[in-house]
Amino acid sequence: MAVRLTVNGRERTLEVENDTPLLWVVRDELGLKGTKFGCGMGLCGACTVHLNGQPVRSCSTPVEMAEGAEVVTIEGLAADGALHPLQRAWVEHGVPQCGYCQSGQIMSAAHLLQNNRSPSREDIVAAVSGNLCRCGTYSRIVAAVESVVESRADHSSQEEA
Amino acid sequence: MTLNRRDFLKVTVGASGGLVLSLSLPGCAGIQTGYDEKSGDWKPDAWLELTTDDKVYFTLARVEMGQGTYTGLTTLIAEELEVAPASIQPRFAPVAAEYRNPLYKLQLTGGSTSIATSWQPLRVAGASARIMLINAASSVWDVPPEECRAADGRVVHPDGSQSLSYGKLVELAAKQKVPGEPALKPRNEWKYIGKNRGRLDAEAKSTGAPIYGIDVELEGMVYAVVSRPPRYGARVRSFDDSATRKMPGVLDVFEIERGVAVVADKYWRARKAQDALTIEWDNSDALSLSNDQVFSSYHKAADEDPGESERSEGAYGDAVESAERLVDASYEQPYLAHATLEPMNATAWYRNNGIEVWAPTQAPDLGRIAAARVTDLSPDDVTIHTTFLGGGFGRRLTNDYIEEASAVAFKVGKPVKLIWSREEDTRHDLYRPAMLHRMQASVSGGQLTGWHHQIVGPQILDWYVRNAAPAQYPWAPKFLYNTLGRVGLMAEGIATPKDHSAIEGAIEYPYRVPNLDIRHTHTDPGVPVSWWRSVGFSHNGFAVETFMDELAYELGQDPYQFRRSLIDHEPRHLEVLDRAVRLSQWEDAAPEGRARGIALFRSFGTYVAQVVEASVEAGEIRVHKVVCAVDCGQVVNPDIVRDQIEGGVIFGLTAALYGDITFRDGQVQQSNFHDYPLMRHDQRPEVVVEIVESDEAPTGVGEPGVPPVIPALGNALFALTGKRQRRLPLKAQV
């Protein structure tokens, strides 16, 4: 069947079976390899993308559920060639070890920051707890997200002043 | 170290078309390599290429799987070459004898050896190139070389008025005499070593760059999945592919050595078609055991065979005779899966009588053997392209996935990407062996007088040598592979290193006890096993440090003071132990409802002491805080040392709390992260890492964080509950 969806702002029409997981459509039909396959059951979060602004596990989301939807992947996070603030924080904090889970971690954190201007540490931990990291980079992930939250706070206090 | 110019310097034309200066280095006498340098069968460990257009390429002979070699090794070169690490372009090495790990005589990454074996040779390589570039510039300007200096990829004239870029000097530098023993920069002049923060690969890994094996994309590529027998060792008796072949996109279905392959134009189509396949397995040689049989067979073996003596001091028998009392304990530890987040995968393409393989592998030369074994090709016909690894932990030292992809590609004649599912990855792993430890101590006059440790379980080399032996002798014809595997085992300690996988961490027992008897009873239930982050240290650390804790309580001593009193002859042990105690405020009471446990353990040359603070809340073990004191000699990148130790803590706690691969009728019972869980964000403890300042040579950090945290947690739970747990994983209620 033909599926129509918008991925990272670009409209696409694809001939794929409707039960194909969105993950494989994004990776193999669209060549966006940043979204990762980890478990196929929505258990590890490596495949997290945004579907109409909500974080979903693309490995267990049939592409038919994305018909007409807006999909954002890790490749669509940077705007106008500039890294997303989370990506900059990830580099500054040296978060990734093997790095395989980090696209999913960043997508989960990005959703949180879109919807919560000043999340607490508990909010941050809750937002990323569905994303497994076998290398154990958890503390740096939280520190990197917190640094973005803090720089936002600095920015808004400057605006107020 | 004396360098032979012929071995050392090569002037060639590089891929860029420009003139290049390639430096390669023989093994360094300053490092205990454990191999004979005179034989000359190992040449350089690193290649440095400077081009006329000012690029610096550095060939990484070790793979990057998260442990930080990409950054750490590049930093060593950068420091002496006087360029910024970020300006160097690292690339992964092809298979060549030059890139073998000197400790193993194989091109593999493991054993926390990369920094330790590269520390000296890479700095010498960088310094040699720098001196030759300076000499070249001094001849251009006709000034003494010692008055010139190098900085940021340029040589600066003595009067500071002009400078020449390395690219402009390459051609002339290549004609300079190779310095015999270049002086390395003193520590106080280091710009990057010990200071550099962050990772060179962080941006690629934060933007979703296609750098992993699973991301490889080739024109006309098709996809394969393989159905493997549920029971290890079973073979295909027959299969019915009539339904599978009718499924959309299916290109072929055929048997390979390890199962039945389904090839389709798309991955998801291959997976769906696989579900329609019916296979009858021949189980006559298949594993049939269940978990309790593993441990009952271990206990039986331990009763019948005291095992080979691996270390003996004093007279343990006499200590037993004269002992006031004996303390006994036995510990059981389960099989563990590696669970790298990137599942096993490889892409292979057979054409023009050769096969190219793109794969995340820790051992590319064994990948060549694996591909050759299942095709009509020789290892020389196999090219391996190493990618970034989405986790290794020892799993990717075994190239079964390269073997499968190559077998399929050889038949299909198109580029083929093979991807394992998570379930396949969990069920067809080669596991950290289940182990039994029987401990006994003799006590007299309130003192520990004897220590007896009987380790019961398999050796890993038995499972690994099949591919490792041919890789060491790549000239050998293929029909000899199986023979080489057997010879490798028979000649253990001669043609192959002695297998320490069962005993490491037990035989180095560091405490001052007059009578020691440490033995290994070799028994193998037939479950495939392999190296798993920290290997033998992972189970021996638990046995040694739990028993030490039991003995402290037996003798009515504080677990810290007890250890301290027996290790005051080992200053580096003592330092990390004291630091961990200070940092954790061991002497003060733990917060209400919590308790602390301690462990001290050296592995891969690195000393680690850890204090764990834990509680049991709502029926679950909660780890609140882990304090680590680490002595790994000199530090190349303190940031990476910290994250490796912290990562090791999370990895060890995952094993301590959840790790349990079990068998029923020869089948693995676990499949995915719901029944083989990993520690998550919301379960993570606070981890504090303090690094001891040191002038000693650097040692590994990828693994040493793992072993002590497991007994430290068990010891904390004993302090909390008064109940000793002698079987892993640990439970909240016992």
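Readers should treat all values here as calculations from the given coordinates under stated rules, not as data from a laboratory. Computed from a predicted model, the values in this text were never measured in an experiment. Glycine also receives a Cβ, built like all others from the backbone with ideal geometry; neighbour counts cover every protein chain displayed.
Results, tabulated for the structure shown:
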| read-out | value |
| --- | --- |
| Neighbour net charge for B:ASN715 - beta-carbon separation under 14 angstrom, K R +1, D E -1 | 0 |
| Cβ-based exposure ranking for B:LYS414, B:LYS498, in which fewest neighbours within 10 Å come first | B:LYS498, B:LYS414 |
| Rounded to 5, the percent of DSSP beta bridges in the protein assembly as shown classed as antiparallel | 75 |
| Where trypsin sites (Lys or Arg not before Pro) fall in DSSP loop in region B:615-724, at most 13 other Cβ within 10 Å | B:LYS723 |
| Cα coordinate range in chain A, projected on the principal axes (Å, largest first) | 54, 35, 25 |
| Neighbour-count order for B:LEU430, B:LEU81, A:LEU43, fewest beta carbons within 10 angstrom listed first | A:LEU43, B:LEU430, B:LEU81 |
| Cα radius of gyration and Dmax for chain B (Å) | 27.1, 82 |
| Exposure proxy order (Cβ contacts within 10 Å, fewest to most) of B:ILE710, B:ILE691, B:ILE645 | B:ILE691, B:ILE645, B:ILE710 |
| Reachable lysines from B:LYS417, criterion Cα separation under 27 angstrom, eight or more residues apart if same chain | A:LYS33, A:LYS36, B:LYS205, B:LYS246, B:LYS266, B:LYS272, B:LYS478 |
| For A:103-109, mean number of other protein chain Cβ atoms within 10 Å | 2 |
| Ellipticity estimate at 222 nm from DSSP helix runs (n ≥ 4, -39,500 (n - 2.57)) divided over chain B, nearest 500 | -9000 deg cm²/dmol |
| Region A:59-161: trypsin sites (Lys or Arg not before Pro) in DSSP loop, at most 12 other beta carbons within 10 Å | A:ARG117 |
| Estimated inter-spin distance, B:ARG512 and A:ALA79, nm [label 7 Å along Cα→Cβ] | 6.6 |
| Cut-off of 10 Å, at most 10 other beta carbons, DSSP loop: longest stretch of chain B lacking such GluC sites (Glu not before Pro) | B:220-586 |
| Average Cα contact separation per residue, chain B, under 8 Å, 6 or more apart, as relative contact order % | 13 |
| A:GLU64 versus B:ARG237: modelled label distance in nm, points set 7 Å from Cα along the beta carbon direction | 3.8 |
| B:ASP53-B:ALA618 pseudo-label distance in nm [points 7 Å out on the Cα-to-Cβ vector] | 6.0 |
| Chain B, dipole about Cα centre (Lys/Arg Cβ +1, Asp/Glu Cβ -1), debye to the nearest 20 | 1360 |
| Square roots of five times the Cα gyration tensor eigenvalues for region A:2-76, Å | 17, 13, 11 |
| Sites B:GLU324 and B:ASP682 - FRET efficiency at Förster radius 56 Å, r taken between beta-carbons, to 0.05 | 0.70 |
| Dipole of region A:2-76, positive direction: furthest Cα of A:THR6, A:ASN52, A:ILE74, with charges on the beta-carbon | A:ILE74 |
| Residue-averaged beta-carbon neighbours from other chains (10 angstrom radius) around A:73-80 | 2 |
| Difference of contour (0.36 nm per residue) and Cα-Cα distance, A:ARG152 to A:ASN116 | 11.8 nm |
| Reachable lysines from B:LYS625, criterion Cα separation under 22 angstrom, eight or more residues apart if same chain | B:LYS723, B:LYS731 |
| Taking region A:2-76 and dividing mean pair separation by its residue count, relative contact order in percent (alpha carbons under 8 Å, at least six apart) | 40 |
| Cβ-Cβ FRET estimate between B:LYS498 and A:ASP123, R0 fixed at 60 Å, reported to 0.05 | 0.70 |
| Electrostatic dipole magnitude of the protein assembly as shown [Cβ: Lys, Arg +1; Asp, Glu -1; Cα centre; debye, to 20] | 1080 |
| Relative contact order (%) - chain A, alpha-carbon pairs under 8 angstrom, separation at least six | 22 |
| Dipole in debye (nearest 20) - region A:2-76, about Cα centre, beta carbon charges: Lys, Arg +1; Asp, Glu -1 | 320 |
| 46 Å tail of the calculated P(r), the protein assembly as shown, as % of Cα pairs | 27 |
| Cut-off under 5 Å, modelled amide H: who pairs with B:LEU60 long-range | B:ARG91, B:PHE92, B:ALA93 |
| Shielding score for A:136-146, defined as the mean number of other chain Cβ atoms within 10 Å | 5 |
| Gain upon complete extension [B:ASP152, B:GLU171; 0.36 nm per residue less C-alpha separation] | 5.0 nm |
| Alpha carbon centroid spacing (whole Å) that separates region B:565-632 from region B:190-224 | 35 |
| Note, ³J(HN,Hα) from phi for region B:281-286, Karplus 6.51, -1.76, 1.60, rounded to Hz, x at Gly and Pro | 9, 8, 9, 4, 10, 8 |
| Residues B:ASN352 and B:GLU181, FRET efficiency given R0 of 56 Å [Cβ-Cβ distance, rounded to 0.05] | 0.75 |
